[in-house]
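Heads up, the thing below is written out as structure tokens.
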Amino acid sequence: MDDRLHTVVGLSGTTVRLLDEAGSASLVLLSHLLASEGFELIGQGSDQGRMPPFALSDIVPEREAEKAVAWERHVTEVEFGKPLDADPTALPRPEYDPARHTVEERVAAKAAELRAIGWQASVGTLQRMRRRYREQGLWGLVDHRATRLSSPTGRADDRVVAAITEILAATTNESTGTRGRLRRRVEALLAERHGPGTVAMPSKSAFHRLVEAMRCW
């Protein structure tokens, strides 16, 4: 990401659609956006634009959706110093102020806070939830045992799904070429993001089925 101010205008899977001050649109994976050097979340008040969550109500029981949203507030407070829905003029709570505490200290403080209100939350739990949120957004905070419908991507590796999503989204107005070419582009992106050979690719037939399922989203 560059140093320009961007507004989040859409979310498709784990791909975020951004609009800069000049009106130019771009696409980026949520995980890479959150990990980008210099990334800062501003204008978080209820009257400001907010990254839209997945339509959880269609496939997740109301109580589980509420838990995921609550986790999002806690995770984003650890990440940024304030929850997403905080007043943009409010100061971070002292124990979560990034200017005063490292992320490890903020994680430990949040784990202690959650245990104090009866949550089953350890430092390890917080770290897992942070990782899931970086990779999948709000959907990553859902207890998937409670979902009413199976995922259209089945048991496909989330990293493979994210790579396909990014490439398909970036080529909306151009052809991705043959399925073989698309597969090579996905393999190259996975090698770049995670290291060569780190993420196992599905078989050719499974890959083609996965792509067709995702094109129907």
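Miscellaneous remarks
- Stretching the chain fully between residue 97 and residue 212 yields a gain of 36.9 nm (0.36 nm per residue, less the alpha carbon separation).
- Each Lys or Arg adds one and each Asp or Glu takes one away; over the other residues whose Cβ falls under 9 Å from the Cβ of residue 202, this sums to +1.
- Working ranking of peptides 159-168, 82-91 by packing, defined as the average number of other Cβ atoms within 10 Å per residue, highest first, is 159-168, 82-91.
- The heavy atoms of residue 101 present about 60 square angstrom of accessible area, all protein chains included, probe 1.4 Å.
The values are calculated or read from the model by the stated rules, or taken from the named source; none is laboratory data. Just so you know, these numbers come straight off a predicted model, no measurement behind them. Backbone-built Cβ (ideal geometry, glycine too); neighbour counts: all protein chains shown. Side chains included, ligands, DNA and RNA excluded: accessible areas come from the protein's heavy atoms. Shrake-Rupley method; radii C 1.70, N 1.55, O 1.52, S 1.80 Å.
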